[in-house]
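The values are calculated or read from the model by the stated rules, or taken from the named source; none is laboratory data. Everything numeric here is computed off the predicted structure, so don't read it as measured data. With ideal geometry, Cβ positions are generated from the backbone for all residues, glycine too; neighbour counts draw on all protein chains shown. Note: areas computed on protein heavy atoms with side chains; ligands, DNA, RNA excluded. Shrake-Rupley method; radii C 1.70, N 1.55, O 1.52, S 1.80 Å.
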Amino acid sequence: MGFAEYSNYDGLGLAELVKKKEVKPAELVEAAFERIERHNPQLNAVVFKAFDEASTMAKTNLSGPFAGVPMLLKDILGFKKGWPNRGGSRFVPAAPSPFDSTLVVRFQTAGLIPLGKTNVPEFGALPITEPKLYGPARNPWNLSHSTGGSSGGSAAAVAAGIVPLAHANDGGGSIRIPASCCGLVGLKPTRGRNPLGPVIGDIMGGLVAEHVVSRSVRDTAAVLDATAGPEIGDPYAAPPPPGSYLEATKIEPKRLRIAFTTRAVDGEIDPECKAASEAAAKLCAKLGHHVEEGRPQLPADDEANFRTNFITIWSAGLAMLVEYFAKTLGKTPAREDFEGLTWGFYQHGKTITAAQYQLCWTSLQASSRQVARWQQPYDAWITPVLGRPPLEIGALNLDETDVMKGLAPILGYVPFTGGQNVTGQPAISLPLAWSKSGLPIGVQFVGRFGEEHLLLQLAAQIERAEPWSNKRPPVYG
């Protein structure tokens, strides 16, 4: 076996070894592929491998803060020239991408070496990763449980020590949910912080944000330093940061004002998820911050319509995606090409008029302004990530074509994460608790728009106070 200690390091730790010439990038790539071969038959996290290409890249003159460090790209938006990008759908063939996405270029400029692609639910529509195209990704903490979604394959690979970090994106919780399920750090940045180019400007009005899942706060911060910033032609951009995100994590935060809640708009929260958030609030108070209960108070009609409006926009966006591929491929979409819920989203999305879509956003943007006003006195807001610990695989019926029936068991599972995709605020999941059965439970910290630096500073302080790096799943290393 090659570099046996590989999984003991985070990304910056591996880069430091390369910098000191204690290990070669080729050895790190070999170690990562050894772990793919060892663990992927159980986890089904990696769905495309490019060993020869990664090995060749490892022998080039690499530079950047992560020079020589292996990573994986998500099978949604992680476009790399010559690699397939199927979005977890049988409808989309394994055709090579003609270009690299801007984010992938920035990953590689930072010295990261992509090894392959990770498992996703079909078109990223669900908070689980069980596509019919690839089969379910499995949680390294318990193989019978979900990795979350839609970045579930990425999260499983990082949690198992295959790579220290992996590409992820988030349109309703798809970074934070799998981070919570797999015991990782998962930051959804501010809207417009990372680019979607060179082809895409935004997705579904800005719901989708790009970043990574990782095992350490400092890796999450350092990757954001490497990737953040608008691309020429972007429709909008996040406010410039006050400085390096990584440097911010090294400084103790001032006394912050923090609100917390464990109450969802509707439905009960699992006691273990509730207890995890309450413990996080107590920890913040112990660290010297002012903590009080609080949550945005929206008019009853706005709260009732929020979910309906969000689902309408998602349905329209998914219908757009199906129509885009149909036009590009010259294929007519047929029921047998898609999972039931995807087909239901598609059928519903085709009925939505442009006026209805705009009305939904008008309502959600009005709510976003109220949430932003409420958050101004608070540097952070603590909530659970999920309404319960990770689901068992097979808990959801993916053959259901009725959108509301299919989503019914999901809505109580993910009551907190979609709001920040609407408002554009940054939010991070930290692995601060484990259930009695040994499954990870993440806690969400939400920041003001554009203030990832404060969230990362607080997250690093919490990591120093209650480190999680010594917690390892049964499938690891």
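Here the range 129-208 exposes an accessible surface that is 49 percent carbon and sulfur, computed with a 1.4 Å probe and the other protein chains kept in place. Along the positive direction of the dipole of the chain (beta-carbon charges: Lys, Arg +1; Asp, Glu -1; about the Cα centre), which of 228, 271, 177 reaches farthest? Checked the options; the winner is 228. Simple spin-label estimate for residue 19 and residue 200 gives 3.2 nm between the two label positions (7 Å along the Cα-to-Cβ direction from each Cα). The residues 263, 191, sorted by heavy-atom accessible surface at 1.4 Å with ligands and nucleic acids left out, run 263, 191 from largest to smallest. Taking every DSSP beta bridge that has both ends in the chain, the antiparallel portion is near 70%.
Measuring nothing but how far apart in sequence close Cα pairs (under 8 Å, 6+ apart) lie, relative to its length, the chain scores a relative contact order of 18 percent. Rg and Dmax of the range 273-338, both derived from C-alpha coordinates alone, stand at 21.8, 60 Å.
Compactness of the range 238-318 is given as radius of gyration and Dmax, 17.6, 45 Å, from Cα positions. Every Cα-Cα pair of the range 290-445 was included, and the share exceeding 27 Å stands at 37 percent. Taken along the Cα-to-beta-carbon direction at a fixed 7 Å, the label points for residue 466 and residue 247 span 3.0 nm.
Ordering 346, 140, 417 by the projection of their Cα atoms onto the charge dipole of the chain, which places +1 on the Cβ of Lys and Arg and -1 on the Cβ of Asp and Glu, puts 140 at the extreme positive end.
Look at the dipole of the chain built from charges on Cβ: of 94, 7, 123, the Cα furthest out on the positive end belongs to 7. When the alpha carbon gyration tensor of the range 1-86 is reduced to an equivalent ellipsoid, its three semi-axes come out at 22, 16, 11 angstrom, largest first. With semi-axes defined as the square roots of five times the eigenvalues of the C-alpha gyration tensor, the equivalent ellipsoid of the range 49-140 measures 25, 14, 12 Å, largest first.
In a reduced charge model with +1 at each Lys and Arg Cβ and -1 at each Asp and Glu Cβ, the range 50-103 shows a dipole moment near 120 debye about its Cα centre.
Across the protein chains, with a 1.4 Å probe defining accessible surface, the residues 404, 71, 204 rank 404, 204, 71 from largest area downward.
Once backbone amide H atoms are built at 1.01 Å from N, residue 443 has 430, 432 as its partners under 5 Å, excluding neighbours fewer than 5 places away on the same chain. When +1 charges are put on Lys and Arg Cβ atoms and -1 charges on Asp and Glu Cβ atoms, the dipole computed for the chain relative to its Cα centre reaches about 500 debye.
If you average the C-alpha positions of the range 1-34 and of the range 409-444 separately, how far apart do those two centres end up, in angstrom? Distance between centres, Cα-based: 31 Å. Rolling a 1.4 angstrom probe over the protein heavy atoms with all chains in place gives the range 370-477 an accessible area of 35 Å² per residue.
Ordered by solvent-accessible area of protein heavy atoms (1.4 Å probe), largest first, the residues 290, 167 come out as 290, 167. What separates the Cα centres of the range 90-140 and the range 148-168 is a distance of 11 Å.
For residue 331, the lysines whose Cα falls under 20 Å of its own Cα, not counting residues fewer than eight places away in the same chain, are 132, 350. Computed with a 1.4 Å probe over protein heavy atoms only, the accessible area of residue 388 comes to about 110 Å².
Average 1/r across all pairs of distinct alpha carbons in the range 436-477, invert it, and you get the Kirkwood radius: 12.6 Å. The amide H of residue 214, built 1.01 Å from its N in the peptide plane, has 185 as neighbours under 5 Å, considering only residues 5 or more places off or on other chains.
When only alpha carbons of the chain are considered, Rg and Dmax amount to 20.6, 61 Å. Kirkwood-type hydrodynamic radius, the range 109-154: 11.1 Å, calculated from all non-identical alpha-carbon pairs.
Ligands, DNA and RNA excluded, the heavy atoms of residue 247 present near 90 Å² of accessible surface to a 1.4 Å solvent probe. Taken about its Cα centre, the range 234-372 carries a charge dipole of roughly 400 debye when the Cβ of each Lys and Arg holds +1 and the Cβ of each Asp and Glu holds -1. Residue 134 contributes an accessible area of around 50 Å² to the protein surface, as traced by a 1.4 Å probe with all chains present. Among beta bridges from DSSP that stay inside the range 54-172, the antiparallel ones total about 25%.
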